[in-house]
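Step one of this worksheet: look at the structure below.
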Amino acid sequence: MLGANQAWNLINFRAGLIEALIARGFRVMAVAPSDAEIETRLAGLGCTFSPVPIDSMGLSPPRDLRSLVTLIRIMRKHRPSAWLSWTIKPNTYGAIAARLCRVPALPNVSGLGTAFIAGGPLGWLVRHLYRFAFARAASVFFQNGDDRALFLRERLAREGQARLLPGSGIDAAVWAPASDQRPQPRQFLMVARVVADKGVREFVEAARIVRAAWPDARFSLLGPLDVDNRTAISRAEVEAWVAEGVIAYLPATNDVRPMITAADFIVLPSYREGLSRILLEASALGRPMVTTDVPGCRDVVRDGESGFLCRPRDAASLAEAMGRAAALSDTEWQRMAAAARARVIAEFSQDRVTALYLEALDNADVRVGFP
């Protein structure tokens, strides 16, 4: 049984794992908030679906209790062999439900989230929730060594549980560059949810700085607006940037490959990631990157080899790194593009991620199918 706070997470990032589990003989059920379109796509993989209400960003105890009770009911009804999950509430409430139902839990900490990063009373509560939820988990996956070390240091997980996983895995055949030729130079694209924690405002300020030195440079922001996040940036603020002419805005899409391919640099000034999916996708498509020197970003990009690193929350540092990118010759750009793709194939492949999941299931003595 697989759980996430959005059904699209499972179809977009876990389809390869679902197919591998089914090929091994498991019957797979996805658990997430109701989404008719995604349910149909999951059914096409041979995966059943059970809806559960999850308020991904809300702080309502009654709603969260409803989520937990629903998860317990689903597990008691279907008696799964294991619970695999992503995102904070499926990880925590799912692990608690699995513990009560005697189901091995294998949560994946794919990022710390806004509440954890911000600290304060909410961060304190989230830490205690993790500690209780993961106490009996069979394995706890982390996507970078910094997050793993943090959870071990704060005793939110134990050494024997904590496993490193190279992200969600990339299918290099699906994410293959159409050409090794550089597109028009100085085309910078940021792909992210439009929230402050992704460094959107730093990107806009850096664009102003870089454009003063490179008037032909172009800057685009692609991602969903009006997202349910405490640091969400308003539509009005984005429209003001567009009216100013500093960036172009591109709405979210189910296939970002054409937009990534049209840019020659992908930018992600995030404050922290689990392991950035967009940087993995950009790498596979042979696009050098500009990103922050923080966990989950520096794990993908090597400074001067496949892109450039900058300080987090620092528009001037980001602008300096983007300026270095703008100055690259075509030959230097092609060297970086080749290095980015070579590394993602060697270290972040979908096959490697799937193999680590199957190994963890074997170690937990998880049997095929539903008992």
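One residue is enough: does segment 269-284 have a residue meeting the conditions over 23 Å from Ala176 (Cα atoms), out of contact with any helix residue (DSSP H, G or I) (no Cβ under 8 Å at 6 or more places or on another chain) and either without any contact (Cβ under 8 Å) to a residue 40 or more places away in the chain or in a helix (DSSP H, G or I) (or both)?
No: zero hits.
Quick one: which of Ala138, Ala82, Ala149 is under 24 Å from the mean Cα position of the chain (by Cα) and open to solvent by less than 10 Å² (accessible area, probe 1.4 Å)?
The match here is Ala82.
Could you figure out which of (1) outside any loop (DSSP other than H, G, I, E, B); (2) more than 16 Å from the chain's Cα centre (by Cα) isn't true of Asp197?
Against the list (1) outside any loop (DSSP other than H, G, I, E, B); (2) more than 16 Å from the chain's Cα centre (by Cα), Asp197 comes up short only on (2).
Residue under question is Arg218, and the condition is that it be basic (Lys, Arg) and farther than 26 Å from Gly274 by Cα; does it hold?
yes
Can Arg158 be described as within 21 Å of His128 (Cβ to Cβ), among the basic types (Lys, Arg) and out of contact with any His (no Cβ under 7 Å at 6 or more places or on another chain)?
Here the answer is yes, as Arg158 does meet what is asked.
Which condition number in (1) touching a strand residue (DSSP E or B) at 6+ places or on another chain (Cβ under 6 Å); (2) in a loop (DSSP other than H, G, I, E, B) is the one that Arg230 fails?
Checking Arg230 against (1) touching a strand residue (DSSP E or B) at 6+ places or on another chain (Cβ under 6 Å); (2) in a loop (DSSP other than H, G, I, E, B), the one that fails is (1).
When you look at Asp228, is it over 21 Å from Cys297 (Cα atoms) and either touching a helix residue (DSSP H, G or I) at 6+ places or on another chain (Cβ under 7 Å) or not aromatic (Phe, Trp, Tyr) (or both), yes or no?
For Asp228, the condition - over 21 Å from Cys297 (Cα atoms) and either touching a helix residue (DSSP H, G or I) at 6+ places or on another chain (Cβ under 7 Å) or not aromatic (Phe, Trp, Tyr) (or both) - is met.
Based on what the data block shows, is Leu250 closer than 22 Å to Ser317 by Cα and either open to solvent by 10 Å² or more (accessible area, probe 1.4 Å) or aromatic (Phe, Trp, Tyr) (or both)?
Judged against the criteria, Leu250 is not a match.
From the list Arg127, Arg102, which residue is among the basic types (Lys, Arg) and either at pLDDT below 95 or under 30 Å from Ala284 (Cα atoms) (or both)?
Arg127
Conditions first: (1) surrounded by fewer than 24 Cβ atoms within 10 Å (Cβ to Cβ); (2) in contact with a Cys (Cβ under 9 Å, 6 or more places away or on another chain). Glu273 passes all but one, so which condition is the exception?
Result: Glu273 passes all but (1).
Only one of Ala240, Ala213, Ala206 is under 19 Å from Ser317 (Cα atoms) and surrounded by fewer than 16 Cβ atoms within 10 Å (Cβ to Cβ); which?
Ala213
Just give me the residues in segment 3-17 being touching a Phe, Trp or Tyr at 6+ places or on another chain (Cβ under 9 Å) and assigned to a helix (DSSP H, G or I), in sequence order.
Hits for segment 3-17 are Ala7, Asn9, Leu10, Phe13, Leu17.
Restricting attention to segment 152-173, which residues are more than 22 Å from Leu125 (Cβ to Cβ) and surrounded by 13 or more Cβ atoms within 10 Å (Cβ to Cβ)?
Selection gives Arg163, Leu164, Leu165, Pro166, Gly167, Ser168, Gly169, Ile170, Asp171, Ala172.
Against the condition surrounded by fewer than 16 Cβ atoms within 10 Å (Cβ to Cβ), in a loop (DSSP other than H, G, I, E, B) and of a type outside the set (Val, Ile, Thr), how does Asp255 come out, does it pass?
yes
Quick grid of which residues meet (1) closer than 15 Å to Ile247 by Cα; (2) within 23 Å of the chain's Cα centre (by Cα):
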site	(1), (2)
Phe203	yes, yes
Arg211	yes, no
Pro215	yes, no
Arg230	no, yes
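The values are calculated or read from the model by the stated rules, or taken from the named source; none is laboratory data. Computed from a predicted model, the values in this text were never measured in an experiment. Backbone-built Cβ (ideal geometry, glycine too); neighbour counts: all protein chains shown. Note: accessible area is taken over every heavy atom of the protein model, side chains too, but ligands, DNA and RNA are not part of it. Shrake-Rupley method; radii C 1.70, N 1.55, O 1.52, S 1.80 Å.
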